[in-house]
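Just below is one structure, and these are the notes that go with it.
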Amino acid sequence: VAAEAGGAQHKFFDEALNARAKDRVLLEAELRQALLSGQLRLHYQPKVDACNARLVGAEALLRWQHPQRGLIAPGLFIPLAEDSGLIAPLTDWVLHAACQSLRRWADLGLAMLPLSVNLPASSLADAGLPEQLSALVQHYGLQPAWLMLELTETMLMREMATAVAVLDRLRALGFGLSLDDFGTGYSSLSHLKRLPMSELKIDRAFITEVARGGRDAALASAIITLGRELGLQVVAEGVETQEQSEFLIGRGCRLQQGYWFARPLPPEAFEAMLRAGTTRV
Ligand code: C2E
Ligand code: MG
Ligand code: MG
Ligand code: MG
């Protein structure tokens, strides 16, 4: 009986795996199509000064408007794109879309706040990235400082040698550089010292529990101090409650992003906030 059950279980797993593999292949083909047929969207999440809810920037977050499955979050298709060679055209699309939005906001006479864009792990291996980005912002008539590039610790540590050279060049060209999800990857603090970052983003994992005191509060406070000592702008991400927000303000971290202020928004809704200059509209 045991052997039989084991067999049945194997069969079940095989079928589930098979279904997932098929799903993956299908999804990959669909993603390829999505790039060509305009199913990708950027949503924008405000970054604010928590003391007065004024906008100080925004993060562009990718969405896939799938004709049958609806709006798909990036966690479900970015890894697939990274494994399938689609990440390069996808990142191109994101960068062009972000620049087009900045161009539009400039043409509308709106305040030009830095727009953050997430770069994939592979991007830093490309020594040509700084000049490509420079040409891109020139093409759209933008200033490099209007773009903030978000990178994670893990991707920096993986290619430390090339990464430092590429980042130094990006900074020299005037781009903003943000260390995203800080505290979740593994990095040594001595590496942090060598990286020419302009911003450090405290990962949501530390923010969730801060208002209850304890270890996350201690870690968040330490990261805020560390960032400040290194001369970096420190941003807390994933702020969901007033208690979290106030705790962070108390520790000197006024720059915040999270559902407490605003969710990632489609362009029209975000533009309304940009016009108002605040998330309190
Ligand atoms: P991330 O860069 O750390 O982005 C923050 C994520 O937290 C976003 O999820 C955002 O919607 C979510 N978030 C913001 N505030 C809150 C909050 O108060 N509570 C909670 N629970 N979540 C909050 P999203 O949009 O699903 O993106 C997930 C990840 O996908 C991003 O993490 C980023 O690593 C990646 N990603 C997003 N857009 C792009 C892109 O254009 N290119 C690349 N390569 N990766 C992207
Ligand atoms: Mg990010
Ligand atoms: Mg993050
Ligand atoms: Mg993240």
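Read-outs: derived from the displayed coordinates by stated rules, not from any lab. In this text, all values refer to a predicted model and were calculated from it rather than measured experimentally.
Brief remarks follow.
- Pairwise Cα distances in the range 104-152 exceed 18 Å for 35 percent of all pairs.
- Every pair of different Cα atoms in the range 70-121 enters the Kirkwood calculation, which places the hydrodynamic radius at 12.6 Å.
- Under Karplus coefficients 6.51, -1.76 and 1.60, residue-wise ³J(HN,Hα) of the range 28-33 in Hz, glycine/proline x: 5, 5, 5, 5, 4, 5
- Applying the Karplus relation 6.51 cos²θ - 1.76 cosθ + 1.60 with θ = phi - 60° to the range 222-233 yields 3J(HN,Hα) values of 5, 5, 4, 5, 4, x, 5, 4, 8, x, 9, 6 Hz, where x marks Gly and Pro.
- Ellipsoid equivalent to the chain - semi-axes via the Cα gyration tensor, in Å: 32, 25, 21
- Within straight-line cross-link reach of Lys22, lysines at Cα separation under 22 Å, skipping those fewer than 8 residues along the same chain: Lys11
- Amide H contacts of Gly258 (H built 1.01 Å from N, in plane; Pro and chain starts excluded): Gly238, Val239 sit under 5 Å, all sequence-distant by 5 or more or on other chains.
- Pairs of Cα atoms nearer than 8 Å and 6+ residues apart set the relative contact order; for the chain it is 19 percent.
- Under a 5 Å amide H cut-off, with hydrogens placed 1.01 Å from N, Lys47 pairs with Val56, Gly57, Ala58, Glu59 among residues at least 5 apart or on other chains.
- Amide H contacts under 5 Å for Thr278, placed H, 5+ residues apart: Leu55
- Within a straight-line Cα-Cα reach of under 20 Å, Lys201 can be paired with the following lysines, leaving aside sequence neighbours fewer than 8 residues apart in one chain: Lys47, Lys193.
- Relative contact order for the range 107-202: 29 percent, from Cα pairs under 8 Å spaced at least 6 residues apart, divided by residue count.
- Taking 0.36 nm per residue of sequence separation and removing the Cα-Cα distance, the Val25/Ala218 pair yields an extension gain of 65.0 nm.
- Calculated over the range 6-130, the projected area of the Cα convex hull averaged across directions stands at 11.9 nm².
- Phi angles of the range 209-221 translate, via the Karplus equation with coefficients 6.51, -1.76, 1.60 and θ = phi - 60°, into HN-Hα couplings of 9, 4, 5, 8, x, x, 5, 4, 5, 5, 5, 4, 4 Hz per residue; Gly and Pro are given as x.
- The convex hull around the C-alpha trace of the range 205-277, projected and averaged over every direction, spans 5.3 square nanometres.
- With the convex hull of the Cα atoms taken as the outline of the range 77-206, the averaged projected area works out to 8.3 nm².
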